[in-house]
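A short write-up of the structure that comes next.
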Amino acid sequence: MTEQELIGEPKKMKSFSIIYALLIGFLAGIIIYSFFKNSWGLLTLIPLYFIYKMVNDPKNRRVKELQGLFKERNLKW
């Protein structure tokens, strides 16, 4: 990628990261709520599955790769 293409990417990736962080926090809140209500069941397993899928998403890996490229080329993220 050229530096011009790289400069436009952080805005998209930052909003993506923020949305994913909010969703993971919300799902973790559901898990904590079900833990305190002593209801280990489907209500706990579904958020765990979605958190797992979000963490292992290829877009999430792309964000880390782009951060590495920015550090490599001494560009501001």
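Tabulated results
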{"item": "Tally of residues being under 26 Å from Leu75 (Cα atoms) and assigned to a helix (DSSP H, G or I) across region 1-41", "result": "19"}
{"item": "Conditions (1) in contact with a helix residue (DSSP H, G or I) (Cβ under 8 Å, 6 or more places away or on another chain); (2) surrounded by 13 or more Cβ atoms within 10 Å (Cβ to Cβ): number failed by Trp40", "result": "(2)"}
{"item": "Residue count, region 4-24 (criterion: surrounded by 10 or more Cβ atoms within 10 Å (Cβ to Cβ) and out of contact with any helix residue (DSSP H, G or I) (no Cβ under 7 Å at 6 or more places or on another chain))", "result": "9"}
{"item": "From the options Gly41, Gly29, Gly68, residue that is small (Gly, Ala, Ser) and over 19 Å from the mean Cα position of the chain (by Cα)", "result": "Gly41"}
{"item": "Search result, residues across region 42-77 that are part of a helix (DSSP H, G or I), polar (S, T, N, Q) and modelled with pLDDT of 80 or more", "result": "Thr44, Gln67"}
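For every residue, the table says whether it meets (1) under 20 Å from Phe16 (Cα atoms); (2) touching a residue at least 60 places away in the same chain (Cβ under 8 Å).
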residue	(1), (2)
Ile32	no, no
Asn38	no, no
Ile46	no, no
Phe50	yes, no
Asn60	yes, no
Lys64	yes, no
Leu69	yes, yes
Asn74	no, no
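The values are calculated or read from the model by the stated rules, or taken from the named source; none is laboratory data. This one's a predicted model, so the numbers in the text were calculated from it and none came from an experiment. Cβ atoms come from the backbone with ideal geometry, glycine included; neighbour counts cover every protein chain shown.
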